[in-house]
Amino acid sequence: MRDLFDLPLNLRDDKRVTVRRAGPLNRHGSCVVYWMQRAQRAVDNPALDLAIALGNELGLPVVAFLSIIAYYPGANLRHYVFLNQGLPDIEEDLAERHVTFIVRRTPDHRVEQLLQEANAALLVGDENHCREPQRWRQALTRRLSLPFVTVDADVVVPTKLFPQHFYALRHMRPHLLAELPHYLAPSRNEKAAYHWAPRSTLARWDVRKDVTQGWRNLDRSVRPVETFTGGTHAALRRLREFTSHTLRDYPTKRNHPELDGTSRLSPYLHFGHISPATVVLAAQRAVKEDKATQAAYDAFINQVIGWRELAVNFVKHVRQYDSFNCAPDWAQKTLRQHVRDRRPYLYSLEDLERADTHDELWNAAQRQMVRYGWMHNYLRMYWAKKILEWTPAPEVAYQYAVLLNDRYELDGRDPNGYAGIAWAIAGVHDRPWPERPVFGVVRSMSYGSTGRKFGFQRYIRNVDEGCWCGS
Ligand SMILES: Cc1cc2nc3c(=O)[nH]c(=O)nc-3n(C[C@H](O)[C@H](O)[C@H](O)COP(=O)(O)OP(=O)(O)OC[C@H]3O[C@@H](n4cnc5c(N)ncnc54)[C@H](O)[C@@H]3O)c2cc1C
């Protein structure tokens, strides 16, 4: 019987790959199953690439399986609609690579059921370092009798290279930049050599149908948005638009929420509709083609690789990433010392959710998130800092910020969100600043100084008139 490690694919040394369950393959197996979870795309997907390489090596076809769970923690109609919009692109692009796509929903969503019905030889998955999906992978590994490998497909530099939490971007950046030449490479998007013909009775959900059909208890109060359309094809159009026209001014315009100065790719990166490597390689090409400067590229990769991969490193190594307990000692100490400081305003979660505060800039930022499913980065910082200022304790602020962010942002429930809130409220990845009421030595942001740095009246008008453009 062939063993996983007998295959000439060097799985043991590949830093992108984790062998969760080793051992002999199912020798009567008739396909390789790729359990697509985080990387919801069929192009530039290292997990799919590995499944195809394994299938071709074993003389087996590949089946990509997406299991849609009703009531995924924190997900509401807005998130499911975006996910749903991405499914036809995945099916179409998988067909190009001769891979069959099977989508199933609760109650038929179990991976083991599919493995059995498809008679899998082995299972390939992708990685998501957030707590819940990690727990699912670990639980599945314990129950499986097949080999199971996962691939860190949604970071440019594999997270395994960094076994510790970095306390600041300046510590991680040199390591990331040193590893980049080894890992930043275009995918060859190889095709599967063998075709899988499923039994006609095999259950599968039509990717064009509403995946939430019949889910009575789904939170439908958070409506889908028209500003973003999910899917790899829309993501690639947005990327082209960004690298052709916007990237060149990224260093000067990225902190201007009243302008269209950033990529707005975060929802696509969150759902895995586009790979971060695709984004970075496109930015590199833009520099070669004189559409952007090296300085613009450097500023952009500082965000899309630097801050983004620091966020993944944070959730991977700091267990309490979604609560105030993740704060470093100096921030815990200073915020506790100031917990009795008089707050200039105190707002309930409902006040905040309704954008019903005295601060017109904060209200506009909250409205941008609620109406359009996306808030500009500069205002996300201000937004979270003010929640710290206007609630009775940092634990409460942290909880409210996570709740609102995950509920309304299309890119919510993401390492970037937890790291962003941790930075703003808990001083994570930051340093002490001069002491202020309420904030102590955690960096503060004031209405006066924040509003002076950009055209904030224009921003408020744009939000209210809906004239900032999505994809
Ligand atoms: C309080 C707070 C909450 C946040 N919540 C989220 C969230 O839920 N989901 C999310 O994806 N991002 C979050 N961010 C990070 C950042 O604000 C968004 O990623 C960014 O605004 C997305 O817009 P863009 O795609 O146009 O970014 P661009 O400026 O075009 O950057 C390109 C990509 O780089 C990454 N990136 C940019 N800035 C950051 C950053 N500060 N930290 C980590 N990665 C970054 C994102 O993947 C982004 O799509 C949050 C930041 C803060 C301060």
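Observations, loosely collected:
- Using R0 = 60 Å, the C-beta based FRET efficiency linking S145 and R342 works out to 0.45.
- Cα-based reach from K209 at 28 Å (exclusive), listing lysines while leaving out same-chain residues under 8 positions away: K191
- Stokes-Einstein diffusion coefficient of the chain, Kirkwood radius over Cα pairs, 4 °C, 1.567 mPa s, in µm²/s: 55
- Once the Cα-Cα distance is subtracted from the 0.36 nm per residue extended length, the I69 to V222 segment shows a gain of 53.3 nm.
- For the chain, calculated [θ]222 nm from helices alone, where every DSSP H run of n ≥ 4 adds -39500 (n - 2.57): -13000 deg cm²/dmol
- Rounded to the nearest 20, the size of the Cβ-charge dipole of the range 349-471 about its Cα centre is 460 debye, with Lys and Arg at +1 and Asp and Glu at -1.
- Cα-Cα over 19 Å, subset of K253/K291; K316/K386; K160/K316; K15/K316; K253/K453: K316/K386
- Here the Kirkwood formula puts the hydrodynamic radius of the range 324-462 at 15.0 Å, using every distinct Cα pair.
- Note on E190 and H171: the extension gain reaches 3.2 nm, defined as 0.36 nm multiplied by sequence separation minus the Cα-Cα distance.
- Table column - 3J(HN,Hα) (Hz), the range 428-443, Karplus curve with 6.51, -1.76, 1.60, x for Gly and Pro: 5, 6, 10, 10, x, 10, x, 5, 9, x, 6, 6, x, 9, 6, 4
- Each label was represented as a point 7 Å from its Cα along the Cα-to-Cβ direction; for R208 and R240 these points are 2.3 nm apart.
- Each of H175, L379, P434 was scored by the projection of its Cα onto the charge dipole of the chain, and the greatest displacement toward the positive side belongs to P434; charges sit on the C-beta of Lys, Arg, Asp and Glu.
- Legend: ranking of residues S244, S221 from fewest to most surrounding C-beta atoms inside 10 Å; resulting order S221, S244.
- Using the Cβ of L410 as centre and a radius below 14 Å, the other residues enclosed give a net charge of +3, where K and R count +1 and D and E count -1.
- Relative contact order for the chain: 19 percent, from Cα pairs under 8 Å spaced at least 6 residues apart, divided by residue count.
- Each residue of the range 146-304 gets 229 Å³ once the volume of the Cα convex hull is shared out per residue.
- E96 versus A178: modelled label distance in nm, points set 7 Å from Cα along the beta carbon direction: 3.7
- Annotation for D351 and E435: the two label points, set 7 Å from Cα along the Cα-Cβ direction, are 2.7 nm apart.
- Remark: Y345, Y34 ranked as Y345, Y34, counting other beta-carbon atoms within 10 Å and listing the fewest first.
- Semi-axis lengths, Å, the range 232-317, gyration tensor of Cα atoms, sqrt of 5 times eigenvalues: 20, 15, 13
- Computed packing ranks the peptides 231-238, 57-64, 200-207 as 231-238, 57-64, 200-207, most packed first, by mean other Cβ atoms within 10 Å.
- Surrounding net charge for A299, when Lys and Arg each add one and Asp and Glu each subtract one, Cβ distance under 14 Å: +3
- FRET efficiency estimate (nearest 0.05) - Cβ-Cβ, H317 to S30, R0 35 angstrom: 0.35
- Shown for I460, I69: other C-beta atoms within 10 Å of each C-beta, ranked fewest to most, produce the order I69, I460.
- Additional length obtainable on full extension of the chain from N302 to K453, 0.36 nm per residue less Cα span: 52.2 nm
Taken together, the values in this text are just the output of simple stated rules run on the coordinates, not laboratory data. Note that the coordinates shown come from a computational prediction; the quantities given were computed from them, not determined experimentally. A quick note on method: Cβ atoms are made from the backbone with ideal geometry, for glycine too, and the neighbour counts reach across all protein chains shown.
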